Each structure stands twice: as structure tokens, then as C-alpha cells.
1. Scanning region 4-22 for residues that are free of Cβ contacts under 8 Å to residues at least 24 places away in the same chain and under 19 Å from T73 (Cβ atoms), which turns out surrounded by the most Cβ atoms within 10 Å (Cβ to Cβ)?
2. Among the residues of region 39-60, is there at least one that is in contact with a helix residue (DSSP H, G or I) (Cβ under 9 Å, 6 or more places away or on another chain), basic (K, R) and farther than 22 Å from E2 by Cβ?
3. Taking the options S19, S7, S38, name whichever one is in a helix (DSSP H, G or I) and of a type outside the set (D, E, K, R).
4. Do you know which residues across region 16-25 are small (G, A, S) and modelled with pLDDT of 90 or more?
5. Please determine whether any residue of region 56-71 is over 12 Å from the mean Cα position of the chain (by Cα) and within 17 Å of L14 (Cβ to Cβ).
6. Scan region 26-51 residue by residue and report those that are at pLDDT 85 or above, under 17 Å from the mean Cα position of the chain (by Cα) and either hydroxyl-bearing (S, T, Y) or open to solvent by 40 Å² or more (accessible area, probe 1.4 Å) (or both).
7. Based on what the data block shows, is M1 surrounded by 10 or more Cβ atoms within 10 Å (Cβ to Cβ), of a type outside the set (D, E, K, R) and more than 20 Å from the chain's Cα centre (by Cα)?
Amino acid sequence: MERRDRSLKALDELIYIDSLDSYERADALVNWHNKYLSNNDINQLDLELEDLKNLLELFYKNIEFLKKHKEETRKEMIDNKKMQKFLSN
């Protein structure tokens, strides 16, 4: 029962994280991964079929979000470097 409760808590946290703003969401996803998946395999989660489908959807959605967030952050860093170079002249 403890494993099931932990799994449901992980799913609930992931659902909550999905509602956060961009930078908060990215940080929260990293923390969620470290908390639930860094020492355990995804197969350790004990969820029912509907919960697993929900988890799968959230995983896909968050992977796509992280890809876009990474690209946006990269562009912001380039812009910041350009601004620093401009201001130093």
C-alpha cells in the first residue's frame, strides 16, 4: 500500500506541476524527477491503467515542454551575451 500511495502522490504532483508557469514548471520537473525517478525505475510506480495513461500523457507533454523551454533558454542566453557585448563597448 505504501508503494501505491507514493505512486499516487507522484502522479498528483506531476498534475500540479503541469499547471505552473514556464520557469517554475521546468524547475519543478527537475525536482520531481530527482525525487521519484533518480533512485527508482519508472516500473516501481504502482498505478492503475487510467492513472498510467494519464502519467504517459503528462510525460509526453512535459518532454515536449522541456525541449521548447531548452530552446527558449538557449535563445535568451544568446541575446544576453549580445547585450553584454554591446554594453561593454
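The values are calculated or read from the model by the stated rules, or taken from the named source; none is laboratory data. Small disclaimer: the values here were computed from a predicted structure and weren't measured. Counting neighbours? That spans all protein chains shown, and the Cβs are built from the backbone with ideal geometry, glycine included. These area figures cover heavy atoms from the full protein model, side chains too; ligands, DNA and RNA do not enter into them. Shrake-Rupley method; radii C 1.70, N 1.55, O 1.52, S 1.80 Å.
1. Going through the qualifying residues, I end up with L20.
2. Looking through region 39-60, none of the residues is in contact with a helix residue (DSSP H, G or I) (Cβ under 9 Å, 6 or more places away or on another chain), basic (K, R) and farther than 22 Å from E2 by Cβ.
3. Of the residues listed, the single one that is in a helix (DSSP H, G or I) and of a type outside the set (D, E, K, R) is S7.
4. As a first pass, look at region 16-25 and keep what is small (G, A, S): 19, 22.
Hit for region 16-25 is S19, nothing else.
5. Yes, some residue in region 56-71 is over 12 Å from the mean Cα position of the chain (by Cα) and within 17 Å of L14 (Cβ to Cβ).
6. D27, V30, N31, H33, N34, K35, Y36, S38
7. no
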